[in-house]
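What follows is calculated from the coordinates using simple rules that are stated; it is not laboratory data. In this text the structure is predicted, and so the values were computed from the model without any measurement. When we count neighbours, we look across all protein chains shown, and the Cβ atoms used for this are built from the backbone with ideal geometry, even at glycine.
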Amino acid sequence: MTASLKHIALAPLHALALFTGAKSFCDNPLIGSRRLNEWGLHEKRVRAAHALAERRRARLAALVSPEDRAAFERDGFVIRHDVLPRTAFERLRERVLAHRAPAREMVQGDTITRRIALDPAFLRAVPEVREIVDAPLWRGLTRYVGSFDQEPVTYVQSILSKVVQAPPDPQTHLHADTFHPTVKAWYFLTDVEADAGPFSYVPGSHRLTPERLAWEREMSLVARSADRLTSRGSFRIRADALSSLGLPEPKLFAVPANTLVVADTFGFHARGPSLKPALRIELWGYGRRNPFLPWTGLDPLSWPGIAERRAPLYWAALDRRERWFGKRSPWQDAGLLTPDAPPVVARR
């Protein structure tokens, strides 16, 4: 099939994707069309997605305290220290760090991200994890910030910085994950130092201000020919451009263990720079649904028996795609590992 016939055949799917969370400017010719974005296509998608998220959050407001709602509205994130009593936290951390489980690793620049899924086997082996992920604090904040009554996909995540001889980690560049509100959560099991790759976030950058909307429009006109991640819909921004949007400098989350951060990653964020080899371990979750849904719930993927199996099923699908079509999975099988084990994939 010629390229032109392929575009014609796929045109209905590309059009339907406009009403989903599809964000790639290089894969969807409608999303990436300069002409359509000059007419306001991207701007209208951004406006509609944020308006719907605001309405959904209003219906979920009872899940979080007034203080946390105010903090989120101001900053785009909520931070809570000393989430568990000290004894409970030490027991949780000891059990998590000692447990060997199926792990996947992804190499990005000089950094390796390792994930161990909180699947049924892990939750049976380390039931203390439920003290966090089933608690009203985690459940309420991830749902309110994400604007959906859905169970986030959750892992034990390890960030191994400066462990590969390669260019810098691309995730250290400030970026928005996508064009609509979405949620990520970090519950730190290790202390995070300021020079060891801390999470960073630009306070207030989750708000759809006139300046941000104008920037989104401008980016939509050039995204298709920009860097790889921007062209896929995760717009990058230079730190020296923040002031033009009326935004402050990024905040570095150099925090002690037993701290929870939940953020809307439409806001600009990044991994802070690491000046030395470092290891950061956390319970990490994310939630993302079709931003144009008007309702908050009705998510079959959040049902018990399905929710905790999503990560292994996703990895299995990537493996099949690699075997059948030759497209290498970014998440390579690293075998049975503890969260603090030395890297595996980069040494093969």
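Of note:
- Local charge for residue 293 was computed over the other residues whose Cβ lies under 13 Å away, with Lys and Arg +1 and Asp and Glu -1, and equals +3.
- Near the amide H of residue 255, within less than 5 Å, lie the amide hydrogens of 192, all on another chain or at least 5 residues away, with H placed in the peptide plane.
- More than 26 Å apart - percent of Cα-Cα pairs taken over segment 185-342: 47 percent
- Mean projected area (nm²) of the alpha-carbon convex hull when segment 74-159 is viewed from all directions: 7.3 nm²
- In the chain, the longest principal axis of the Cα atoms and the axis of helix 310-325 are about 60 degrees apart.
- For segment 23-289, the alpha-carbon radius of gyration amounts to 1.01 times the rule-of-thumb value 2.2 N^0.38 Å expected for a compact globular protein.
- C-alpha long axis of helix 86-98 to longest principal axis of the chain, angle in °: 80 degrees
- Prolate/oblate/rounded call for segment 1-154, Cα gyration tensor, a/c under 1.5 rounded: oblate
- Applying a threshold of 28 Å to the alpha-carbon distances of 184/251; 162/184; 276/327; 251/327; 251/276 flags 276/327; 251/327 as lying beyond it.
- For segment 28-102 versus segment 308-339, the gap between their alpha-carbon centres in whole angstrom: 25 Å
- By other beta-carbon atoms within 10 Å, ranking 46, 156 with the fewest at the front produces 46, 156.
- Eigenvalues of the alpha-carbon gyration tensor of segment 271-348, scaled by 5 and square-rooted, set the equivalent ellipsoid semi-axes at 29, 20, 14 angstrom, largest first.
- With an a/c value of 1.5 or above and a/b not larger than b/c for the gyration tensor axes a ≥ b ≥ c computed over the alpha-carbon atoms, segment 139-214 is described as oblate.
- Cα gyration tensor shape of segment 107-243, rounded if a/c is under 1.5, else prolate or oblate by comparing a/b with b/c: oblate
- Estimated [θ] at 222 nm from DSSP helical runs (n ≥ 4, -39500 (n - 2.57)) normalised by residues in the chain, nearest 500: -10000 deg cm²/dmol
- For residue 23, the aspartates and glutamates whose Cα comes closer than 16 Å to its Cα, not counting residues fewer than 8 places off in the same chain, are 43, 177, 216, 218, 227.
- Calculated from the alpha-carbon coordinates, segment 63-113 shows an Rg and a Dmax of 17.0, 41 Å respectively.
- Across segment 220-237, coupling constants 3J(HN,Hα) worked out from phi with the 6.51/-1.76/1.60 Karplus curve, θ = phi - 60°, read 5, 7, 10, 4, 4, 9, 8, 4, 4, 6, 4, 5, 8, x, 9, 5, 8, 9 Hz, and Gly and Pro carry x.
- Electrostatic tally near residue 210: other residues with Cβ closer than 12 Å to its Cβ, Lys and Arg +1, Asp and Glu -1, net +1.
- Each Lys or Arg adds one and each Asp or Glu takes one away; over the other residues whose Cβ falls under 15 Å from the Cβ of residue 59, this sums to +3.
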